[in-house]
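Encoded as structure tokens, the structure appears first; notes follow it.
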Amino acid sequence: MEVAAAVVAQFDKLKPGQKPQTRSNGDQEWTVLAGVCLVDDQNHTECITFATGVKVVPERARDYSHGTIVMDNHAEMLALRAFNWWILKHIDDDKYFEASEIAGKRRFKSKYSVQLYISEPPCGDASMSYIAQDQPAWKRRKVSEDHDRSEDATGGVARGRAQFDELGVVRTKPGRADSLLSLSKSCSDKLALKQVLGVINSMVSSVVEPIWLEAMVVPESKYVEQDFDRCFNRIDGHRIKVMTTDSEFSYGKHPDKVAAANGVVGVVGGPIETLVHGVKLGSYKKNRAPNPKGQSKFCNWQMWQTYGERISRDNPTKAQNYCEFKESQIERQRLKAHVQKQLGRWVRTGSDDFPLMGTKSATMK
Ligand SMILES: [Zn+2]
């Protein structure tokens, strides 16, 4: 089965309530579907994770999230987040992982190629021409006003679809021009960063060697080669092969439809969650962190609760909190800083920190 079909097959199994809805006023919702598949050396495709979603949580939620809210709910980022969870769950499974020469680490078997299906081109630079076909850029403000606004709030990064005529630049996630500020970078920019860091997050990278995204699969009808080339040639890193598919996602973007409020994130054979505002459906509280039952298994705090013990066993850390833990990965930080400098105008988000003490791993020591 090809990659797109394998992901769509997982989506098809969802309950009706987990799919985009027809609202009470008759509006039909659209969403983006993404999924991570492994393709082995016999060309056998296995879907590992899948997700839908087009929303992002405003930056100000980082003041109270403490790792309990999933900030970036775009489908491809959710699918990659769940893939990190899957890696930690399977790290000792000899089907997928083997011993590494690096002490305290495991290595993903080279017979597997990691491929990402997305039903739309990733937001940001890789989708600029495609978006331009049916959606106007935000109306440009007068230069002085535009400048003031971006300098104050975003340190100069292009917000969403603003500064539309600029190509090859770092952008924040798109959204309505009047929506609350998010400094979360576009999926194009985050995927470009993964050309150098790999798809594994800081928790996974302390116990697993880098894992590269080998290929991205997008619909042929929405693929603009020059946009993808420009976007992913901005930095020297691992080449992500772009492949196209004829299959169209039936709940995909359409000018007559509205963006779905909810998203779904799931691991095949594992947990499947419906998310809204970065927490499980029914658990959203305005300006407050969700209670533990409402937290996604895939949020940073819950990932540490589940796997911190395992991570600390193989790669002991002196870090007292999550940000310190990330900072202690010197080589990863160096690479990240290098890429961000190459891409330019990469504005950092708030820290969304949480203590590692008091978790299961800390009480183990
Ligand atoms: Zn996106």
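DSSP beta bridges confined to the chain are antiparallel in about 70 percent of cases.
Measuring nothing but how far apart in sequence close Cα pairs (under 8 Å, 6+ apart) lie, relative to its length, the chain scores a relative contact order of 25 percent. DSSP bridge analysis restricted to region 216-365 gives an antiparallel fraction near 65%, rounded to the nearest 5. Charge tally for residue 234 (other residues, Cβ to Cβ under 11 Å; Lys, Arg +1; Asp, Glu -1): -3.
Packing, taken as the mean count of other beta carbons within 10 Å per residue, orders the peptides 15-25, 269-279 from highest to lowest as 269-279, 15-25.
Per residue of the chain, the DSSP helices (runs of n ≥ 4 H) give a summed -39500 (n - 2.57) that works out to -8500 deg cm²/dmol at 222 nm. Near residue 213: Cβ cut-off under 12 Å, other residues only, Lys/Arg at +1 and Asp/Glu at -1. The net charge is +2. Taking each residue as 0.36 nm, the span from residue 220 to residue 100 lengthens on full extension beyond its C-alpha to C-alpha distance by 39.4 nm. For q = 0.09, 0.11, 0.12, 0.14 Å⁻¹, what log10 I(q)/I(0) does the chain give under the Debye formula with an equal point scatterer on each alpha carbon and no solvent? The Debye formula, applied to the Cα set alone, gives -0.48, -0.74, -0.90, -1.28.
A Förster distance of 41 Å, applied to the separation of the beta-carbon atoms of residue 248 and residue 357, puts the FRET efficiency at 0.25. The length gained on full extension between residue 40 and residue 258, counted as 0.36 nm times the residue separation minus their Cα-Cα distance, comes to 74.7 nm.
Every read-out reported here was derived from the displayed coordinates using simple, explicitly stated rules and does not represent laboratory data. Please read all numbers here as calculations on a predicted model, not as lab measurements. Every residue, glycine as well, gets a Cβ built from its backbone with ideal geometry; the counts of neighbours run over all protein chains shown.
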